[in-house]
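The values are calculated or read from the model by the stated rules, or taken from the named source; none is laboratory data. For clarity, every value in this text was computed on a predicted model and none was experimentally measured. So basically every Cβ, Gly included, is an ideal-geometry build from the backbone, and we count neighbours across all protein chains shown.
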Amino acid sequence: MRIVADTNTFLAVTMKEPERDDIIRLTSGHEVAAPEVLPFELGNALIAMLKKRRLRPADILSTWQAVCRIPVELIRIDIREALVLASEHGIYAYDAYFLVCAMQLGSPLITLDGGMKAVAKRVGIKVLE
């Protein structure tokens, strides 16, 4: 089975967050996919953590390298469809990219974002928890 994984799950695994073991358990033995925007969103999230002093400058590249070791298939998505979804549900386009990716693939979604989980369920996407 292919599972669409949100950016926060990659960071939780590499930064050894409390949800790490559950994410690994739920995705083990499955293929992981994400929209093509994933590397850019990861970079942005790493810098945001640096600004909030959750990461030190010396940790940015090592965290990036750890994330890059996670096998993931990057999927081209329909941006127009994501913009419609985002506007209909009042969410950010970046969140909608992951939801549209799951819809296009007919795959379940794994995310730590409660708002994204709620929208996913409303639009018929299975959420792994």
Exercise for the section: Please indicate, with yes or no, whether at least one residue in the stretch 48-65 is under 12 Å from the mean Cα position of the chain (by Cα) and of a type in the set (Phe, Trp, Tyr). Expected result: no
Exercise for the section: Mind telling me which of the residues 99, 38, 85 ends up being in contact (Cβ under 8 Å) with a residue 24 or more places away in the chain, crowded, with 20+ Cβ neighbours inside 10 Å, among the aliphatic types (A, V, I, L, M) and out of contact with any strand residue (DSSP E or B) (no Cβ under 8 Å at 6 or more places or on another chain)? Expected result: 85
Exercise for the section: Please state which one of 47, 70 is over 18 Å from residue 115 (Cβ atoms), of a type in the set (A, V, I, L, M) and surrounded by 13 or more Cβ atoms within 10 Å (Cβ to Cβ). Expected result: 70
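Can you find a residue in the stretch 104-111 that is in a helix (DSSP H, G or I), out of contact with any Ser or Thr (no Cβ under 6 Å at 6 or more places or on another chain), within 28 Å of residue 28 (Cβ to Cβ) and in contact (Cβ under 8 Å) with a residue 12 or more places away in the chain? If you could, list the steps in order and put the result at the bottom.
Of the stretch 104-111, the ones in a helix (DSSP H, G or I) are 104-105.
Keeping just the survivors that are out of contact with any Ser or Thr (no Cβ under 6 Å at 6 or more places or on another chain) gives 104-105.
After this cut, where a residue has to be within 28 Å of residue 28 (Cβ to Cβ) as well, the list is 104-105.
Going one step further and asking which of them are in contact (Cβ under 8 Å) with a residue 12 or more places away in the chain, we end up with 104-105.
Yes - at least one qualifying residue is present in the stretch 104-111.
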Fill in the blank from the handout: Picking from 47, 23, the residue that is at pLDDT 95 or above and either of a type in the set (Phe, Trp, Tyr) or in contact with a helix residue (DSSP H, G or I) (Cβ under 6 Å, 6 or more places away or on another chain) (or both) would be 23
Exercise for the section: Answer yes or no as to whether residue 120 is of a type in the set (A, V, I, L, M), surrounded by 20 or more Cβ atoms within 10 Å (Cβ to Cβ) and part of a helix (DSSP H, G or I). Expected result: yes
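Under the condition of being in a strand (DSSP E or B) and of a type in the set (D, E, K, R), which residue from the stretch 1-60 is farthest from residue 99 (Cα to Cα)? I'd like the intermediate steps shown before the answer.
First, pick out the residues of the stretch 1-60 that are in a strand (DSSP E or B): 2-5, 31-35.
Next, only the ones that are of a type in the set (D, E, K, R) stay: 2, 31.
Working: 2: 14, 31: 17 Å.
In this case the residue turns out to be 31.
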